[in-house]
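Since the structure comes first, as C-alpha cells, the remarks are kept for the end.
The values are calculated or read from the model by the stated rules, or taken from the named source; none is laboratory data. What you see is a predicted model; the values in this text were computed from it and never measured. Cβ: placed from backbone, ideal geometry, glycine included. Neighbour counts: every protein chain shown. Note: areas computed on protein heavy atoms with side chains; ligands, DNA, RNA excluded. Shrake-Rupley method; radii C 1.70, N 1.55, O 1.52, S 1.80 Å.
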Amino acid sequence: MSKILVVDDETKIREIIKKYAVFEGHEVTEASGGLEAVSLCREKDFDIIILDIMMPDLDGFSVCREIRKRSQTPVIMLSARGEEYDKIHGFEVGVDDYVVKPFSPKELMMRVAAIVKRASGNDADVVKIGKLKIDFTGRIVTIDGKNVDLTPKEYDLLFYLVKNRGIALTREKLISNVWGYDFFGDDRTLDTHIKLLRKNLGEYSSYIVTLRGVGYRFESDET
C-alpha cells in the first residue's frame, strides 16, 4: 500500500482519483490547494504526490519547488494544458511525470504503480567513469567529488543509460523502461530529459550519444 497525496482544487477530480487509488489498495490524503499541500508534506511523508498545476492560492510548480527543498517524493503533475513549456518547466522543478486532463484514471494508476515500484528499487553497485561517480544505491551522482543535482526522472534515465552502456537503446525502449508504462504522449518528453541531463553532466555530456532515427547510447571505455 502506498500513501498518496492528491492535490487539486476540483473536488470531482480528487474524488475520481481517490476512488481508483483506494480500489488499488492505496491510502489517499486530499488537499484542495497548494498551500494546504505544502503544509501536509511538512507534517507527514508520502510515497507519491499527484499535483494539479492550476490552483488559486499556490500553483503546482511552486508547490513542487517547496517539496523538493526537503523531499524527493515522486510527483505526477496534472494539467488541463499540454504545452511543451509546461512540461519542460515541470521537469525542471523536479516533476517525475506529466498527465494532461482529461485523463484515464486507470492509466494514471498504472503510472503511479510504475513510479512507486521504481522508487522502491535498489541497486548495489557504484560506477566510476573518470571523475564521474554514480552510486545507484544512494542515488548520488558526483563529478570530481561535487554532487550533481538531478531531478528524480533524470536520475532514472542516467542510471538506465549507464547500466546499459555501450548498447544502442531505442526511444521506445528508453520510454518503456524509464517511464515504466506504454507512453501515450509526445516522445519529445525523452528528448527534453536528455537535454537537461546533458546540461547537468557538463564535461561528461558527450557520453550520451544521439543515434539518429534510433535513440541514444551511453558510450564509455571506463567502468
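Couple of notes before you dig in:
- Count - residues of segment 31-74 that are more than 11 Å from Gly94 (Cβ to Cβ), touching a residue at least 60 places away in the same chain (Cβ under 8 Å) and buried (at least 20 other Cβ atoms within 10 Å of the Cβ): 2
- Which numbered condition Cys41 fails, given (1) within 18 Å of Asp96 (Cβ to Cβ); (2) in a loop (DSSP other than H, G, I, E, B): (2)
- Of all residues in segment 119-135, none satisfies being at pLDDT 85 or above, open to solvent by 30 Å² or more (accessible area, probe 1.4 Å) and in contact with a helix residue (DSSP H, G or I) (Cβ under 7 Å, 6 or more places away or on another chain).
- Taking each residue of segment 157-168 that is modelled with pLDDT of 85 or more and looking for partners that are assigned to a helix (DSSP H, G or I) and open to solvent by 40 Å² or more (accessible area, probe 1.4 Å) with beta-carbon atoms closer than 7 Å, six or more apart or interchain, yields Tyr160/Asn177.
- Scanning segment 136-155 for residues that are at pLDDT 90 or above and in a helix (DSSP H, G or I) yields Glu154, Tyr155.
- Close pairs from segment 194-206: first in contact (Cβ under 8 Å) with a residue 12 or more places away in the chain and more than 15 Å from Asp144 (Cα to Cα), partner part of a helix (DSSP H, G or I) and open to solvent by less than 70 Å² (accessible area, probe 1.4 Å), Cβ under 7 Å, at least 6 apart: Leu196/Phe91; Leu196/Glu154; Leu197/Glu154; Leu197/Leu157; Leu197/Leu158
- For Asp96, the conditions (1) open to solvent by 50 Å² or more (accessible area, probe 1.4 Å); (2) at pLDDT 80 or above all hold with the exception of (1).
- You will find that of Glu66, Glu15, Glu30, the residue that is part of a helix (DSSP H, G or I) and modelled with pLDDT of 95 or more is Glu15 and no other.
- In segment 130-145, the residues that are at positive phi form Cβ pairs under 9 Å with partners that are polar (S, T, N, Q) and surrounded by 14 or more Cβ atoms within 10 Å (Cβ to Cβ), at six or more places apart or across chains, as follows: Gly130/Ser220; Arg139/Gln72.
- For segment 1-19, the set of residues classified as crowded, with 17+ Cβ neighbours inside 10 Å and either more than 15 Å from Asp52 (Cβ to Cβ) or within 20 Å of the chain's Cα centre (by Cα) (or both) consists of Ser2, Ile4, Leu5, Val6, Val7, Asp8, Ile17, listed by residue number.
- Index of the failed condition, Glu107 passing every other in (1) part of a helix (DSSP H, G or I); (2) open to solvent by less than 60 Å² (accessible area, probe 1.4 Å); (3) closer than 20 Å to Asp191 by Cβ: (3)
- The lone exception for Lys128 - which of (1) in a loop (DSSP other than H, G, I, E, B); (2) among the basic types (Lys, Arg); (3) within 29 Å of Arg165 (Cβ to Cβ) it fails: (1)
- Reported count of residues in segment 169-223, each being farther than 30 Å from Leu108 by Cβ, of a type in the set (Gly, Ala, Ser) and modelled with pLDDT of 85 or more, is 4.
- Scan of segment 6-30 for residues that are among the aromatic types (Phe, Trp, Tyr) and without any contact (Cβ under 8 Å) to a residue 12 or more places away in the chain, ordered by number: Phe23
- Among the residues of segment 75-88, the one identified as in contact (Cβ under 8 Å) with a residue 24 or more places away in the chain, out of contact with any strand residue (DSSP E or B) (no Cβ under 8 Å at 6 or more places or on another chain) and not β-branched (Val, Ile, Thr) is Glu84.
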